[in-house]
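Participant: Just dropping this structure here.
Read-outs: derived from the displayed coordinates by stated rules, not from any lab. As the structure is a computational prediction, the values presented were derived from the model and not from experiment. Counting neighbours? That spans all protein chains shown, and the Cβs are built from the backbone with ideal geometry, glycine included.
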Amino acid sequence: METGGPRLAGAELTLAYEKRTIAEGLTVAVPDRSFTVVVGPNACGKSTLLRALSRTLRPSAGSVLLDGQDIATVPARRVARTLGLLPQSSVAPDGITVAELVARGRYPHQGLLRQWSARDEEVVTDSMAATGVDTLADRLVDELSGGQRQRVWIAMALAQETPLLLLDEPTTYLDIAHQIEVLDLCARLHEEQGRTLVAVLHDLNHAARYATHLIAMRDGKVVASGPPTEIVTADLVEEVFRLPCRVIDDPETGTPLVVPAARRGAVRPEGSRA
Amino acid sequence: MSSTLRIGASVSVRYRPRALLVGAAAALLALAVGVLALGSGDYPMSTSDVLRTLTGGGSPAEDFIVNDLRLPRVVTALLVGAALALAGALFQSLVRNPLGSPDILGFTQGAGAGALLVVLAGGSSLALAGGAIAGGVATGAAIYALAWRQGVQGSRLVLVGIGSAAVLTGINGYLLTRAQLMDAARAMLWLTGSLDGRGWRDAVPLLIALAVLGPAVLLGGGRALRMLEMGDDAAGGLGIRVERVRLALLACAVLLASLAAAAAGPVNFVALTAPQLAKRLTRAPGPNLLAAMCTGAALLVTADHLAQHAFAGHQLPVGVVTGVLGGGYLVWLLATERRAGRM
Ligand SMILES: Nc1ncnc2c1ncn2[C@@H]1O[C@H](COP(=O)(O)OP(=O)(O)OP(=O)(O)O)[C@@H](O)[C@H]1O
Ligand SMILES: [Mg+2]
């Protein structure tokens, strides 16, 4: 925290899998205490960026800075206490219960001689309650629905109790009510607890409504970043997603609302409305 | 499910009563069969006589029979069983597949090739053991290198391993045809896995390896292994140095499997079955390293006892017994995994 920059940032990152380069010269900053949302078409490198920011993927050039220090040089445990990651896909071990899986989020706070403190117990219970999976505590994760499972993984990430939290598509698999519930939870974490959140979302309207800072990516590059009300325009959506659309005000919140253009010929003739 | 043992405010240890119970029961069973085996043979002895002799109170003849002739074999059986089971539990957890065991992934075949080369060169038993270790470790390194693609994925390791096992089985067959008749017989016996005539020489290296690697893996590796089971990204996010931990644990597993093979030959299926058996008995998720080790020791010492005494007048190599039992188990496993849609 010695510098004035944000706690988490990536500078001039080259991200690659073996010889396949996904991004070059990628620079991103996650404003402190923001709810940053990353949007972009499939395969543009959103998950790859989150992997790099969480040190799961080592950049082939450039560096990720956590509190001003190159994250590669920070002890793994300290990173894990500062920054949590909900990967896009994880595997639940065979035969594990919800409570046991959520408890694994406590790993960075534990040690050989300190395997289960009262604090661990409390945080796990709270995390399950916050995500609404407390009633599932003793169920096997294998036997849950996709949406229930997703909320269990979110609970695990919460149990890690990190000031920075990276969530890769936390709302995938969820029905509309649970999507909003998870996003409200994120907003609360950000507003009430002052945590910094980075989430990858596919729903632009959710992104525009919840994000305090939006990063729009395409082909491994940041096309635009800033507050949604300033950057979400029809031109930007067209540029990033190749989708013709109109952007209007969300009647609920006044944030930008993206309405995809109608298929040609599908526009209802004027005055035909019953 | 889990219980917590607390000492003061700062020490808390989590354990599963059921897993501890299974481990303790398996360990007791292993020791009981061991004592039974010490009393069995051409000169039968009662349990109390065996125990008296073990504690130094036997006649010189009894002392010779129990402590010099039979004890090394029983101890070797216990150690080989424990080492194979630990190696198997590590592999299965690391590759997230119940079929991931050293005898299926080619490490055992690699140890076999190393041993056969020594036999062909006319080496001593000690050199044969060395050849087995070298072969196993070299195979481990080769498989790791072949499976490496910016990190090693479990499924790749399984595929490369199964391929290597097939290639090495072919090579071993070829080496056998090149061996002299006498050598070939000796090599065949070794390749089946046998505890015949095992002395302290065979047990000690394994004992040292288990004494050093065992606690390191159980204490240091067990918890990290649990995190790794959730996928590399999730484990990395929790602060595990994924590649480093995986490489270290793989190296331990390869070393244990190779040392076990050096001591008793490639005894098949123990590494495959013991961890799974322990898992079903403990009903706990994740690797149950300690319970698996105790189960492996019990399994092998029992199999060896059966091999020696179940068929009057016929002593079988222990590998035959574990092969038949484990093969049956493998068929069952494949059938149930298929039904569960996991294969
Ligand atoms: N482990 C991997 N090895 C090789 N290539 C990968 C790997 N993971 C992702 N890629 C490639 O990197 C590119 C970016 O992938 P990434 O997962 O970052 O996309 P994304 O923006 O998260 O997409 P989505 O919206 O579908 O999740 C893709 O072309 C993908 O094929
Ligand atoms: Mg993704």
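Participant: Starting from the Cα gyration tensor of chain B, take the square roots of the eigenvalues, sort them a ≥ b ≥ c, and report rounded, prolate or oblate (rounded when a/c is under 1.5, otherwise prolate if a/b is larger than b/c, else oblate). Write down the numbers at each step before the final one.
Facilitator: Values: a/c = 1.81, a/b = 1.17, b/c = 1.55.
In terms of gyration-tensor shape, oblate.
Participant: Now for a separate question. Would you mind getting the Kirkwood hydrodynamic radius of the stretch B:17-158 from its Cα pairs, rounded to one decimal in Å?
Facilitator: With all distinct Cα pairs of the stretch B:17-158 included, I get 18.1 Å.
Participant: Tally the DSSP beta bridges in the stretch A:151-274 and give the antiparallel ones as a percent, rounded to 5.
Facilitator: 65 percent
Participant: With each pseudo-label sitting 7 Å past Cα toward Cβ, what's the B:Leu126-A:Ile176 distance in nm, one decimal?
Facilitator: Calculated label separation equals 7.9 nm.
Participant: So what J values fall out for the stretch B:325-330 if you push phi through Karplus, 6.51 cos²θ - 1.76 cosθ + 1.60 with θ = phi - 60°, rounded to Hz, Gly and Pro as x?
Facilitator: 5, x, x, x, 4, 4
Participant: So, one more: Can you give me the long-range amide H partners of A:Leu66? Hydrogens built in the peptide plane at 1.01 Å from N, cutoff under 5 Å, separation of 5 or more residues or another chain.
Facilitator: A:Ile71
Participant: Is chain A rounded, prolate or oblate when judged by the Cα gyration tensor, a ≥ b ≥ c being the square roots of its eigenvalues, rounded requiring a/c under 1.5 and prolate requiring a/b larger than b/c?
Facilitator: Oblate shape, in that a/c is at least 1.5 and b/c is the bigger or equal ratio.
Participant: So what J values fall out for the stretch B:64-75 if you push phi through Karplus, 6.51 cos²θ - 1.76 cosθ + 1.60 with θ = phi - 60°, rounded to Hz, Gly and Pro as x?
Facilitator: These are the phi-based 3J(HN,Hα) values: 5, 5, 6, 6, 9, 8, 9, 4, x, 5, 5, 5 Hz.
Participant: In a GNM of chain B with a 10 Å cut-off on Cα contacts, which of B:Ala274, B:Ala85, B:Ala209 has the highest mean-square fluctuation?
Facilitator: Highest fluctuation among the options: B:Ala209.
Participant: Set the Förster distance to 45 Å, then compute FRET efficiency between B:Leu20 and A:Asn42 from the Cβ-Cβ distance, nearest 0.05.
Facilitator: Efficiency, rounded to the nearest 0.05: 0.40.
Participant: If I stretch the segment between A:Ser60 and A:Leu112 completely, what's the gain in nm (0.36 nm per residue apart, minus their alpha carbon distance), one decimal?
Facilitator: My answer for the length gained is 15.3 nm.
Participant: Collect residues whose amide H, placed 1.01 Å from N in the peptide plane, falls under 5 Å from the amide H of A:Arg114; neighbours closer than 5 in sequence don't count.
Facilitator: Here the answer is B:Ser12, since their amide H atoms fall under 5 Å of that of A:Arg114.
Participant: Treat every Asp and Glu Cβ in chain A as -1 and every Lys and Arg Cβ as +1, leave all other atoms uncharged, and give the resulting dipole magnitude about the Cα centre to the nearest 20 debye.
Facilitator: 660 debye
Participant: Which whole-Hz ³J(HN,Hα) couplings does the stretch B:107-123 yield from phi under the Karplus relation 6.51 cos²θ - 1.76 cosθ + 1.60, θ = phi - 60°, glycine and proline marked x?
Facilitator: So the Karplus estimates, Gly and Pro as x, are 5, 5, 4, x, 4, x, 4, x, 5, 5, 4, 5, 4, 4, 7, x, x Hz.
Participant: Out of all DSSP beta bridges in chain A, what portion is antiparallel? Express it as a percent rounded to 5.
Facilitator: 60 percent
Participant: Related question: Starting from the 7 Å offset along Cα-to-Cβ, what nm value, one decimal, do you get for the label separation of B:Leu28 and B:Asp196?
Facilitator: 3.6 nm
Participant: To continue, here is another question. What residues have an amide H closer than 5 Å to that of A:Arg218, excluding those fewer than 5 places away on the same chain, when H is modeled at 1.01 Å from N in the peptide plane?
Facilitator: The list, which skips near neighbours in sequence, is A:Val223.
Participant: Just check the stretch B:99-251 against the gyration tensor rule for me: Cα atoms, a ≥ b ≥ c as the square roots of the eigenvalues, rounded for a/c under 1.5, and otherwise prolate or oblate depending on whether a/b exceeds b/c. Each step should come with its number before you reach the end.
Facilitator: On the way: a/c = 3.13, a/b = 1.68, b/c = 1.86.
The shape class here is oblate.
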